[in-house]
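Take a look at the structure below.
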């Protein structure tokens, strides 16, 4: 089927661009000291994780146990869950998962370490833990190299858990300060614990700059497989590098310059990521998606020389591609404008 | 099970509040000339649509054919699809649906009317159409009473379609201008077409003011069943009227004032609806959810006298409750803090 015949709104993916993006990123990291451990939150598709592994990725990153379960069941054997796991329900699932694949997780507090230690000690097993560190993102993570080594020593002192290194989700492009943090933390860990195997950093924006983080051992980019409008705005890619678009249709042209499409916040998300407007229309790059209702996108076509008619289909590059794949049950994959397969988004909606 | 034992993040609904909200709104509209036709986009649950019908609603409103299919299959017999339906795929489904329930739809252009007319003429059937009008919302809809009657006359001239009145989604609380628009349009329709049975208006915010729209025949509120932070901010309800909360857990306390929860944009949506921050924490109303990553909510507890510990669970009233129910596969219903049932959100993810 030609993709223009698909009913709207839907998510469509250009396989040629996916192939190029996977290869280019794999080739780049192959020239560095950094191993590649892609984050699957962008695509949520085991088939694409396997493609990434075929191109040299050493494993994958998940944010949720429920995601990791899906990918482990699909045969992925090396997974990092880059999220504090707490509570009996999740810990029991984590324990079960360690029997299916090589698994690492993270902690940024004694509370999280204690939960993991208690759970795995009871099972007479051990889980690898990376200490999550905050280098300016302002999210989770201990706040200094000293705090990192202190938590590392605490892990090393407990049963059921093994200190395996550190993990950082760096704020964009501050690679030199990330390197300073990592080098200092590694030195402290080597001196006080005796080892610090893994230093995991991540993020697609400005990822090529990560090669200056010489003390890091691996990188965890996610978005690079599809790219999106936020990466275009940061000059990290161009329109032709964007593999995923939302196919939508003009359902109303109430005034000369206003167009309404059948893709709103339920199809594109309200994520702005610091941008103005809600996506880039490939056929009308001058148009502005100025507002989203749940089922309507409100478009201002004032700046467009030609303007669309009702019934016309358009392709939208979302501001932020990752949460978009969380909204759909399936994606349509195509080459040369022809759909080649439909894949269920297996890890959609995995909240636990 | 006590709701505090549920794993996080999840959506929980206080059935007592739902009962109160349904009854209060039904009682209010019973005192007016307006029939009540709730929009199901808020809850997406056939069980709650039935509860609304038991309390005097005359039918329901859906935004998508796929939603209407689910509710018709659940036995709902009177449905308005308040959305332009176009394209063969959707028209064929619409036609099939008219054999299962009493159905009305809308149009704001000849293009949409032509598609409906062609489809239903071929079937030797007729579908009721309301002309969608724009009274300042700036979304779909014809722009004037004159344009409404012109399209109404066009519908009346075609086979397979029946002009059944007008529909408006009014911008908040401009009820007098809505009444002026409706009265003028109705007069034109009566003079030029001979009838104008249904005048459908809608929206929860300021809905009690809608009683001054004396020419309208029905109202289509959605959010009132749960309420949310946007309605609190408009002084339309208080915290105790909010039936749905997202149960989340503190997973990290990296600094004295920063807390991170396991509910981000995948659990709360990025919808701001003109507000600052991303929801109201019932236990910490002074706290600010200042940012959302996909799986992390970033909270500033500076203004709170007591601050939570890791592992503590909190209840968040979302800014906008409707798209939140689109993110979860199930909701947990409770009374007196005990879960009484788990319902699949049957119409979640209905994009077509």
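Per-structure values
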{"quantity": "The lone exception for residue B:200 - which of (1) touching a helix residue (DSSP H, G or I) at 6+ places or on another chain (Cβ under 7 Å); (2) not in a helix (DSSP H, G or I) it fails", "calculated": "(1)"}
{"quantity": "Residue tally, condition more than 10 Å from chain B (Cβ to nearest Cβ), over 17 Å from residue A:198 (Cβ atoms) and part of a loop (DSSP other than H, G, I, E, B), over segment A:121-142", "calculated": "4"}
{"quantity": "Search result, residues across segment A:327-337 that are within 11 Å of residue A:11 (Cα to Cα) and in a loop (DSSP other than H, G, I, E, B)", "calculated": "A:327, A:328, A:329"}
{"quantity": "Verdict on residue A:295 being farther than 30 Å from residue B:264 by Cβ and assigned to a loop (DSSP other than H, G, I, E, B)", "calculated": "no"}
{"quantity": "Segment A:46-68: number of residues that are touching a helix residue (DSSP H, G or I) at 6+ places or on another chain (Cβ under 9 Å) and more than 14 Å from every other protein chain (Cβ to nearest Cβ)", "calculated": "11"}
{"quantity": "Subset of segment A:237-258 (residues that are free of Cβ contacts under 8 Å to residues at least 40 places away in the same chain and under 30 Å from residue A:206 (Cβ atoms))", "calculated": "A:237, A:238"}
{"quantity": "Residue in segment B:57-74 that is over 18 Å from the mean Cα position of the chain (by Cα) and either at pLDDT 95 or above or part of a strand (DSSP E or B) (or both) present", "calculated": "yes"}
{"quantity": "Output for segment A:103-120, where each listed residue is within 13 Å of another protein chain (Cβ to nearest Cβ), part of a strand (DSSP E or B) and either closer than 15 Å to residue A:92 by Cα or free of Cβ contacts under 8 Å to residues at least 12 places away in the same chain (or both)", "calculated": "A:105"}
{"quantity": "Count of segment A:86-102 residues which are crowded, with 23+ Cβ neighbours inside 10 Å and either in a loop (DSSP other than H, G, I, E, B) or over 22 Å from the mean Cα position of the chain (by Cα) (or both)", "calculated": "1"}
{"quantity": "Residues of segment A:327-344 satisfying the condition of being crowded, with 19+ Cβ neighbours inside 10 Å and either within 14 Å of chain B (Cβ to nearest Cβ) or at positive phi (or both)", "calculated": "A:327, A:328, A:331"}
{"quantity": "Output for segment A:186-211, where each listed residue is out of contact with any strand residue (DSSP E or B) (no Cβ under 6 Å at 6 or more places or on another chain) and surrounded by 24 or more Cβ atoms within 10 Å (Cβ to Cβ)", "calculated": "A:189, A:204, A:207"}
{"quantity": "Flag for residue A:30 being away from chain B (no Cβ under 14 Å), surrounded by fewer than 24 Cβ atoms within 10 Å (Cβ to Cβ), more than 30 Å from residue A:297 (Cβ to Cβ) and in contact with a helix residue (DSSP H, G or I) (Cβ under 7 Å, 6 or more places away or on another chain)", "calculated": "no"}
{"quantity": "Single condition residue A:306 does not satisfy, out of (1) within 20 Å of residue A:17 (Cβ to Cβ); (2) surrounded by fewer than 19 Cβ atoms within 10 Å (Cβ to Cβ)", "calculated": "(1)"}
{"quantity": "The one condition in (1) buried (at least 20 other Cβ atoms within 10 Å of the Cβ); (2) away from every other protein chain (no Cβ under 13 Å); (3) not in a strand (DSSP E or B) that residue B:314 fails to fulfil", "calculated": "(3)"}
{"quantity": "Filter result for residue B:321 (touching a helix residue (DSSP H, G or I) at 6+ places or on another chain (Cβ under 7 Å), at pLDDT below 95 and surrounded by 17 or more Cβ atoms within 10 Å (Cβ to Cβ))", "calculated": "no"}
{"quantity": "Yes/no for residue A:145 being under 18 Å from residue B:255 (Cβ atoms), over 18 Å from the mean Cα position of the chain (by Cα) and more than 12 Å from every other protein chain (Cβ to nearest Cβ)", "calculated": "yes"}
{"quantity": "Extreme residue, surrounded by the most Cβ atoms within 10 Å (Cβ to Cβ), among residues of segment A:260-289 that are part of a strand (DSSP E or B) and within 11 Å of another protein chain (Cβ to nearest Cβ)", "calculated": "A:261"}
{"quantity": "Residues being under 21 Å from residue A:303 (Cβ atoms), buried (at least 24 other Cβ atoms within 10 Å of the Cβ) and over 19 Å from the mean Cα position of the chain (by Cα) - total across segment A:212-250", "calculated": "2"}
{"quantity": "Complete set of residues in segment B:4-27 that are part of a helix (DSSP H, G or I), within 14 Å of chain A (Cβ to nearest Cβ) and in contact (Cβ under 8 Å) with a residue 12 or more places away in the chain", "calculated": "B:4"}
{"quantity": "Hey, residue A:292 without any contact (Cβ under 8 Å) to a residue 60 or more places away in the chain, touching a helix residue (DSSP H, G or I) at 6+ places or on another chain (Cβ under 6 Å) and either surrounded by fewer than 20 Cβ atoms within 10 Å (Cβ to Cβ) or farther than 28 Å from residue B:291 by Cβ (or both) or not", "calculated": "no"}
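Condition check ((1) at pLDDT 95 or above; (2) under 20 Å from the mean Cα position of the chain (by Cα)) across all residues:
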{"residue": "B:110", "(1), (2)": "yes, no"}
{"residue": "B:117", "(1), (2)": "yes, no"}
{"residue": "B:121", "(1), (2)": "yes, no"}
{"residue": "B:126", "(1), (2)": "yes, no"}
{"residue": "B:134", "(1), (2)": "yes, yes"}
{"residue": "B:163", "(1), (2)": "yes, no"}
{"residue": "B:171", "(1), (2)": "no, yes"}
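The values are calculated or read from the model by the stated rules, or taken from the named source; none is laboratory data. Treat the numbers as computed from the prediction; the structure is a model and nothing was measured. Neighbour counts run over all protein chains shown; Cβ positions are idealised from the backbone, glycine included.
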